[in-house]
Structure formats: C-alpha cells, structure tokens
1. Between rounded, prolate and oblate, where does the range 53-120 land on the alpha carbon gyration tensor, with a ≥ b ≥ c its root eigenvalues, rounded for a/c under 1.5, else prolate if a/b exceeds b/c?
2. Per the Kirkwood definition applied to all pairs of different Cα atoms, how many angstroms is the hydrodynamic radius of the range 9-178?
3. Which of the GluC sites (Glu not before Pro) found in the range 188-287 are in a DSSP loop and have at most 13 neighbouring Cβ atoms, other than their own, within 10 Å?
4. Can you order the peptides 29-38, 71-80 by their average number of other Cβ atoms within 10 Å per residue, highest first?
5. Restricting to the chain, compute how many DSSP beta bridges are antiparallel as a %, nearest 5.
6. Of all beta bridges DSSP finds with both residues in the range 9-178, what is the antiparallel percent, to the nearest 5?
7. In debye, nearest 20, what is the charge dipole magnitude of the range 200-266 about its Cα centre with +1 on Lys and Arg Cβ and -1 on Asp and Glu Cβ, if you could check?
8. Can you give me the Cα centroid spacing of the range 120-141 and the range 54-81 in angstrom?
Amino acid sequence: MDIQWYPGHMTKTRRMLEAELASVDAVCEVVDARIPAASRNPDIDAIAGRLPRLIALNRVDQADPAATARWRAWLEGKGYRVIETDGKSGAGVRAFEPAARALLAEKLARYAARGQNRVMKLMIVGVPNVGKSSLINRLSGKKSAKTEDRPGVTRSKQWIPVSDHILLLDTPGILWPKFEDEKTGLFLAFTGAVRDDIMDMETLAWHFMQTLTRVAPQAISSRYGIQLSGDAWEDVQACARKRGFLISGGEADTERMSRVLLDEYRAGKLGRITLEFPEDVHESSAD
C-alpha cells in the first residue's frame with residue numbers, strides 16, 4: 001500500500017525544531033496511546049539529543065487501560081518519564097507539572113542554589129493528529145493552540161504559558177520521510193495522522209478490519225451485529241449491509257462503510273482499543 005504523505009512543510013518544521021532546541025530545557029513528546037510506537041517519530045531522538053524527555057501517552061480514554069499500563073512500564077524501562085493524559089477531558093493533565101519538575105530536578109536545584117527561580121521551558125512535539133493542541137489547551141487553561149480532528153492544523157511555533165513556572169513551545173506536527181514497515185503507515189492512517197484523501201479508503205478499511213479481527217474482534221460484533229467470517233472484505237460488506245448501506249442492485253456500499261468504520265474508531269465508538277503492543281516492537285526501531 002503506497003502512502004504518499006510527506007509534505008514539504010515538514011522539512012521546514014524539522015529545521016525549526018533543531019533551531020529552537022537551545023532555548024528549551026526538555027522535550028515533551030505527545031504520542032497516541034492507541035499506537036504508542038507507530039506514533040513516535042524516530043527522528044525526535046536525534047533532534048532532541050541529550051535533552052531530558054517526557055512522553056505523554058495521550059488519548060488514553062480511547063486506548064485499552066491494561067495495554068496503556070504495559071506501554072507506560074515499557075517506556076519507563078527505556079528511561080523516559082511518562083504521564084497518561086486525555087487532552088479532550090483533561091484527565092491526567094495535572095501530572096504534567098510534577099513530571100516536568102521531576103525531570104528537571106537537578107537543573108532546578110542548581111538554579112535554587114544560586115538563588116534563581118527560573119521558568120521551565122519545554123518543547124512539545126508529536127506527529128500530526130495525536131491531540132497535542134488539545135492537551136496544550138488543557139494545560140494552559142485556555143484555547144492557545146488550534147485544534148481540529150485532522151492532521152496539519154498547527155503550522156507555526158508559539159510560546160504558551162502553562163503556569164508561573166512553565167512555558168511550552170508548541171510546534172507543528174512532524175512525520176518522518178520513510179516508514180520502517182507498512183504497519184507503521186497503516187496505524188497512522190487508521191488514527192488519522194495522515195490525510196484520508198491521499199489513500200484508498202476501501203483498502204485502508206480492509207487492512208483495519210484485519211487488525212481489529214486480531215486485537216478486538218468483539219468490537220465489530222458488538223457495534224455492527226455481525227459474526228466475523230475471517231475474511232476482512234466480506235466482513236466490511238456484511239457491516240455495510242447491516243447498516244443498510246446499499247447501492248443500485250442491492251450491492252453493499254463499501255466505500256461509505258469504509259469511511260464510517262474508520263470515523264467511528266477515531267471517535268471512540270468501537271470502544272477502548274489499542275492496536276499495537278510492546279512485544280510487537282522491534283528493538284532496533286524502539287530506541
């Protein structure tokens with residue numbers, strides 16, 4: 001499946017991130033808790049260098065709680081400080097400042113020893129559509145960052161005060177030039193991190209149905225009232241018929257069903273479903 005998804009402005013974004021690193025104390029990476037590995041830009045490790053790192057597992061309201069706990073433990077084992085958040089409801093956002101203070105404890109102690117009360121500056125990064133702007137708005141208590149349920153909304157940097165002690169540098173979502181495997185691209189497409197208009201939705205829905213059959217078959221049976229056949233395309237058609245999505249001749253309207261299937265997953269209507277797990281990650285691409 002060929003996904004052409006790397007627009008030119010992302011090259012500009014990477015240069016901007018690299019230029020701003022000298023002005024921040026730490027980097028907070030926002031990832032989608034449903035796909036924590038696939039939604040982590042591997043270039044961020046190189047861009048951030050040795051700066052302290054905080055990872056916000058965002059959209060935990062849509063992810064399986066047990067899987068999120070496993071991901072948190074896995075990431076902490078890699079040396080990251082991790083918080084669990086939901087930018088839309090505000091759940092978990094109070095953990096941000098304590099986590100930032102713990103992350104920068106040594107630096108803050110040095111400032112305190114010199115009688116300085118310095119503001120902590122953190123750069124917020126993440127791939128498109130992981131809920132970064134919603135999280136920032138919750139942290140700041142106002143609509144400082146633009147939010148829409150589509151990728152590529154934030155296009156410029158901006159400094160946003162969170163409290164008297166923290167400044168956040170909001171940055172545009174940035175993808176990377178080449179996926180290590182097709183699965184990563186598909187997971188990003190399932191969750192809306194790449195635009196729907198650059199790929200075939202029916203093919204994407206077929207791949208998504210295959211994934212759901214593996215990780216959460218009960219979600220399809222419960223939501224659409226069908227018995228899974230084991231053939232992903234047959235199951236997409238069965239869902240269409242169950243919903244009454246028909247075209248001339250009584251044929252299943254699979255194009256409409258494909259969009260509904262993905263839209264309902266992204267909206268959380270299929271339940272709290274995590275699509276990938278720590279044991280699926282190849283160590284060579286995890287660090």
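1. Numbers: a/c = 4.68, a/b = 1.96, b/c = 2.39.
Taking the square roots of the gyration eigenvalues as a ≥ b ≥ c, the range 53-120 is oblate.
2. On the way: mean 1/r = 0.0623 Å⁻¹.
Kirkwood radius, the range 9-178: 16.1 Å.
3. On the way: sites: E202, E234, E251, E255, E264, E276, E279, E283; in loops: E251, E276.
The qualifying sites are E251.
4. Numbers: 29-38: 26.0, 71-80: 15.4.
With the highest mean Cβ count within 10 Å placed first, the list reads 29-38, 71-80.
5. Working: 5 of 24 bridges.
Restricted to the chain, the bridges split so that about 20 percent are antiparallel.
6. Details: 4 of 23 bridges.
Here the antiparallel bridges make up roughly 15 percent for the range 9-178.
7. Values: 8 positive and 10 negative charges, 62 e Å.
Approximately 300 debye in magnitude.
8. Answer, in whole Å: 16.
Each reported figure results from applying straightforward, stated rules to the coordinates on display, with no laboratory input. What you are looking at is a predicted structure, and each value in this text was computed from that prediction instead of being measured. For neighbour counting, all protein chains shown are included, and Cβ atoms are generated from backbone atoms with ideal geometry for every residue, glycine included.
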